[in-house]
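Presented below is the structure to which this report refers.
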Amino acid sequence: MYRQSDFEIRVLILAPTGRDAALLSKTLALTDIPTEICTSSSNLLDSLSCGAAAVLVAEEAVSPTDVNQIGAWLMSQPPWSDIPFIVLTSTGRSSHATSLKALELQGLGNVTFLERPVRPETIEAAVHTALRARRRQYEIRLRQETLTLAYADLEQFAYAASHDLQEPIRNMAIYSDLLIREYHGQLDEKGLTFLRYVQDGAERMEKLVADLLAYTKAATIADEIPEPVGSGKPLQGALLNLADAIRQNEVEVTYGPLPAVRIREIHLQQLFQNLISNAIKYRSARKLKISITAAQDDGQWLWGVHDNGIGIKPEYHKRVFGLFKRLHGSDEYSGTGIGLAICQRIVERYRGRIWVDSKPEQGSSFFFTLPA
Ligand code: ADP
């Protein structure tokens, strides 16, 4: 875990004359605030990279280029970081040039202007406020790191649990099946009913752990975006796996030209499979029609899986992508509530988005974007 270093509690001072800087440093030294004097703006950037709690800078010590460079460095900082800058403004009347500079400096984000001549107590108070703000940021960093670690632990636990549970559940399914088939005559109706409950439970658990495993695996998809692959094969793979359900329900599946996209085949197949199997599961009494579309959109491919099924009320359009979020009981529709969460994870790993547009009783369109 990240430990706050000595560098991270110091105040960096950039003032044009050595005398100014020494004076500021001396003022702060009286209050036990550690300081470091930077001799140039590039020196300031080097020191910032090692860590700092705040920066005290005289306005005339930085040129517009320096401000740009500092701004670029700040952009590379993690979201929790918002380092406070205290700017001592130039003496004399403000001109167009000085107000422009003030505007540029303001762009650095967390900036406080102190007009000179400034009293030592004012500097001291401003620095204390800045340090307090920075301490809060360090606390947020610590909390974020703790959360990230806890989250990684949970993911690891979910992965290990779902992986290791597969075999015992499989055994339950196999042996309850064998019992029903081979000892059918030795059990009365009540015994058979109990056994069927065991069988049903094992089947549901099998599906649940398989989905959980797929969900945790989706978190480990490599970051780099692969070379484009044809999308025909993954779609055919998904349709083949769902062939029985498609035939039994006389589903009409249509699709247009299928482009090449930058995603691993296995993940695209999983997306199609989850979305098409949902379209089949949540069908209405009408003849089910599913269409798959792809269109180029702002340098990406926008995919759509459309159905004319039961649809989803607008207030649930976001919620359905949550883990274990289901809109129906398992007596109505079987399911684990993980399918769409897996889709969301996969799409987000490829820096895309997924959402649904749907009207109850009319049908749903699930859209997702993928890199072109
Ligand atoms: P599951 O289908 O296992 O419940 P999902 O994560 O795949 O889990 O879907 C979450 C919920 O979203 C479903 O329970 C269902 O209520 C709703 N849903 C998903 N796809 C559709 C669809 N094509 N039409 C209507 N509702 C859907």
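All of the numbers you see were taken from the coordinates with simple rules; none came from a lab. Source: prediction; values computed, not measured. Cβ sites come from the backbone with ideal geometry, for glycine too, and all protein chains shown count toward neighbours.
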Length gained, Gln186-Thr65, 0.36 nm per residue minus C-alpha separation, equals 34.7 nm
Calc'd 3J(HN,Hα), the range 303-315, phi into Karplus 6.51 cos²θ - 1.76 cosθ + 1.60 (θ = phi - 60°), Hz, glycine/Pro = x, comes to 9, x, 10, 10, 9, 10, x, 6, x, 9, 5, x, 5
Listed by chain and number, the residues whose amide H is under 5 Å from that of Thr35, excluding neighbours fewer than 5 places away on the same chain and using placed H, are Val11
So the FRET efficiency between Glu139 and Glu224, C-beta based with R0 = 30 Å and rounded to 0.05, is 0.35
Quick calc: nm separation of the 7 Å Cα→Cβ label points for Asn249 and Ser334 -> 1.4 nm
Measuring from its Cα centre, the range 327-372 shows a charge dipole (+1 at each Lys and Arg Cβ, -1 at each Asp and Glu Cβ) which, in debye to the nearest 20, is 400 debye
If amide H atoms are modeled at 1.01 Å from N in the peptide plane, then the residues at a separation of 5 or more from Thr112, or on another chain, having amide H under 5 Å from its own are Phe85, Ile86, Val87
For the chain, one quarter of the surface area of the C-alpha convex hull, expressed in nm², comes to 27.1 nm²
The pairs in Lys217/Lys359; Lys190/Lys281; Lys287/Lys359; Lys233/Lys313 lying past 29 Å Cα-Cα in this model are Lys217/Lys359; Lys190/Lys281; Lys233/Lys313
Between the alpha carbon centres of the range 277-330 and the range 44-74 the gap in Å comes to 50 Å
Once normalised by the length of the range 280-359, the mean sequence separation of its alpha carbon contacts under 8 Å that are 6 or more apart gives a contact order in percent of 26 percent
In debye to the nearest 20, the charge dipole size for the chain, taken about the Cα centre with +1 at each Lys and Arg Cβ and -1 at each Asp and Glu Cβ, equals 620 debye
Using the Cα gyration tensor of the range 167-270, the equivalent ellipsoid's semi-axes, largest first and to the nearest Å, work out to 39, 20, 9
Ranked output for segments 58-64, 188-194, 363-369 by mean other Cβ atoms within 10 Å, highest leading, reads 363-369, 58-64, 188-194
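About the Cα centre of the range 209-295, how large is the charge dipole given +1 on each Lys and Arg Cβ and -1 on each Asp and Glu Cβ? Please answer in debye to the nearest 20. Before the final figure, lay out the partial values.
Values: 10 positive and 8 negative charges, 81 e Å.
Result for the range 209-295 is approximately 380 debye, rounded to the nearest 20.
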Cα-based Debye curve of the range 225-372 sampled at q = 0.12, 0.18, 0.20, 0.22 Å⁻¹ gives log₁₀ I(q)/I(0) of -0.46, -1.08, -1.34, -1.60
Taking every DSSP bridge whose two residues both lie in the chain, the antiparallel percent to the nearest 5 is 55 percent
Using alpha carbon positions and the Kirkwood radius, the Rg to Rh ratio of the range 275-329 is 1.02
With the 8 Å Cα cutoff and a minimum separation of six or more residues, the chain has a relative contact order in percent of 11 percent
